[in-house]
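Values in this text are rule-based calculations from the coordinates and carry no lab data. Small disclaimer: the values here were computed from a predicted structure and weren't measured. Cβ atoms come from the backbone with ideal geometry, glycine included; neighbour counts cover every protein chain shown.
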Amino acid sequence: MKRGSRLKLLRRTLRERKLLANLVLELRVPQMDLLFTQGKQSTQWEEYRDLVASVVMVCPNLERLLGLSIPYNHQFDRLTHALSTRRKLKEHTWLLGEAIDVSEGSPRSTSCPGSLGPSQMFEFLDYHTSWTNLETLMLYGISENNALEPSIFLRMFSLLPSLRNLCIANFDAEAFGDSTLLCLPPLESLRLENLPGVTDTGLSQYTSRTESHSLKSLAVVEQNIESLLVISKILTSLPQLERFKIVQNDKCPTLNSDGIIFQPLFASSTLKYLHWDVACPNPNTALTRLDYAPFVKPPKHINTPNSHLAQSILSDGFPQLEALRAPSDIEPPGVLQAVCQPIPRGQALLQPDRYSLPRSSHGSVSTRPMALPAGNNLTSARIRAQTFIDMAAKDTETGMRVLVTDHSDGYVPDSALEDMSDDDLEMDMDESVEWDSPERPSHDKLPENRDGPVTVCDFRMPAYMGRVGSRKRGQDVSIPRFILRPDIQGQEADGGLVGWKHILASNQSLTYAAGVGVHCFGNKGNTSPLPEEPPSPASTTVSRFGFGGITRSSTFGSSPNTPITPSTPMSLSSPTALPWDKDTCTGSWNYSHKNGRDWWFHMERERPGNIKLIDVKQLF
């Protein structure tokens with residue numbers, strides 16, 4: 001059948017059956033053939049866009065358009081116009097680029113280069129006049145000169161009385177700053193990402209305003225917060241906050257060492273889910289040497305963001321916290337995992353993680369790695385978590401002593417005189433965990449005249465990684481679960497958090513832009529040179545240490561002969577690669593082979609399949 005035939009049949013059906021058209025609330029657009037991503041095929045994409053617009057026009061009660069979000073360069077197109085006429089639309093995504101043709105000069109062209117002229121500004125704002133029911137608005141700047149300015153944001157928000165969920169990403173300081181943030185309407189979900197104009201002062205002032213008190217979900221991504229007190233104020237100032245996500249990989253927030261610190265530093269009485277991915281002060285040396293056992297209680301405290309969060313959890317700062325995801329639990333190593341519930345069955349690794357283990361493990365998940373990988377890749381995080389679990393299972397000196405005695409006077413059961421069988425000692429533990437019973441009393445002979453109790457069993461349980469407890473009353477503090485699963489199955493990079501690259505790929509936004517010849521990313525693309533050797537799963541820094549018996553007197557040191565952890569199967573980053581390209585295996589995990597690149601390099605074949613649509617609300 002000719003491309004677009006299904007949409008044409010649907011359009012004809014809806015035109016003939018008005019009652020059926022009134023029932024259409026969501027429209028999912030079929031995927032366009034990837035062959036039409038060259039500039040010479042731009043007319044194919046434009047025809048496809050106009051066809052989708054014609055279907056939208058016959059759905060008067062449409063609330064959501066799924067599968068296609070096109071870049072907007074402040075030029076008229078039929079799809080954007082069709083969506084602007086849907087009065088019951090509840091969700092829209094703006095991919096804003098630079099205005100291609102500015103016919104009129106802007107009054108703010110000096111202070112805000114590339115800003116819109118009066119007619120283009122009026123046309124853009126006019127698209128929002130009918131969206132009185134719009135609840136979710138996504139704003140993404142696909143180029144540095146996105147032509148918006150603070151006044152446009154303010155007028156836009158005033159035209160959307162039902163707005164509840166807002167995402168603003170990739171706008172420069174001239175377009176969106178502290179002054180614009182302070183004018184946001186009351187929201188339930190907010191995501192701020194890569195906004196250089198939003199400072200620590202602006203975040204503190206915004207969370208102090210009554211308009212922010214309705215927030216239930218807040219995500220702060222790459223905002224380069226400088227002080228931990230700002231994060232503390234955000235958590236304590238939002239009385240209804242239930243979900244909080246913070247990602248900051250470039251700058252480590254600090255705390256003034258001259259003042260007195262009272263724990264909990266971070267506290268929220270309503271928070272239920274926390275995604276914590278904050279850079280540590282010394283990422284290159286954090287895992288180089290383990291000078292303490294991470295499962296020892298109480299955990300070691302140092303002046304790092306992870307350590308302050310762990311102390312806040314121990315100090316009952318988050319009484320309702322149910323889940324914590326910390327992909328960068330590095331400094332101190334395992335401190336956040338130690339204050340959460342033990343991972344069920346002691347198994348942090350997943351079956352696919354065996355491909356990221358060292359070559360010495362031969363792909364076996366049960367075999368311990370010879371090195372700890374760094375970075376916020378969830379595969380690396382699970383390897384570290386499993387390592388700490390195995391270390392704790394081998395330590396009997398820091399474990400709990402178990403002493404069973406018999407206080408009866410004249411009768412001792414025969415079962416107490418027999419040696420405990422191996423079946424009694426087996427507790428369905430994992431094969432990587434061992435029970436150590438160094439001392440087992442002998443009961444071959446029972447003294448006839450005994451003045452005290454008889455020792456039936458005396459041994460030490462191994463230590464464990466985590467914290468246990470129970471909630472007997474509603475007001476008791478809960479112990480959070482430590483989760484290392486991504487939002488989207490198989491997407492382990494960037495801490496497993498859903499990002500714009502996932503949204504744009506599922507909505508055909510980037511393939512459409514490539515098809516019509518629009519350069520979506522401007523100068524924001526990766527211009528770093530191709531590395532000579534591939535990095536480890538998420539970082540180039542890998543620590544080394546031995547895996548002998550772990551006891552209190554054990555010492556952890558670096559081993560010069562320990563191989564580094566090979567990289568997660570993924571393609572090497574290229575300065576010319578498209579940002580939405582799928583990571584594929586090239587064999588780089590075996591780059592240290594003596595035969596060189598010609599022996600291990602290969603290209604993974606594409607696996608055909610339908611791309612699963614991602615709900616934009618997963619960004620919050």
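So the values come out like this:
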{"item": "Residue order, fewest to most surrounding Cβ atoms within 10 angstrom, among Ser232, Ser268, Ser130", "result": "Ser130, Ser232, Ser268"}
{"item": "Residues Ser151, Ser143 arranged by fewest to most Cβ contacts within 10 Å", "result": "Ser151, Ser143"}
{"item": "Gain on full stretching of the segment that runs from Ser315 to Ile260 - 0.36 nm per residue minus C-alpha separation", "result": "18.2 nm"}
{"item": "Theoretical FRET efficiency, 1/(1+(r/R0)^6), r = Cβ-Cβ of Phe76 and Tyr355, R0 41 Å, to 0.05", "result": "0.25"}
{"item": "Thr132, Thr396 arranged by Cβ crowding within 10 Å, fewest neighbours leading", "result": "Thr132, Thr396"}
{"item": "Length released on extending from Ser54 to Ser214, taking residue separation times 0.36 nm less the Cα-Cα span", "result": "53.8 nm"}
{"item": "R0 of 41 Å, Cβ-Cβ distance Lys594-Gln489: FRET efficiency to nearest 0.05", "result": "0.70"}
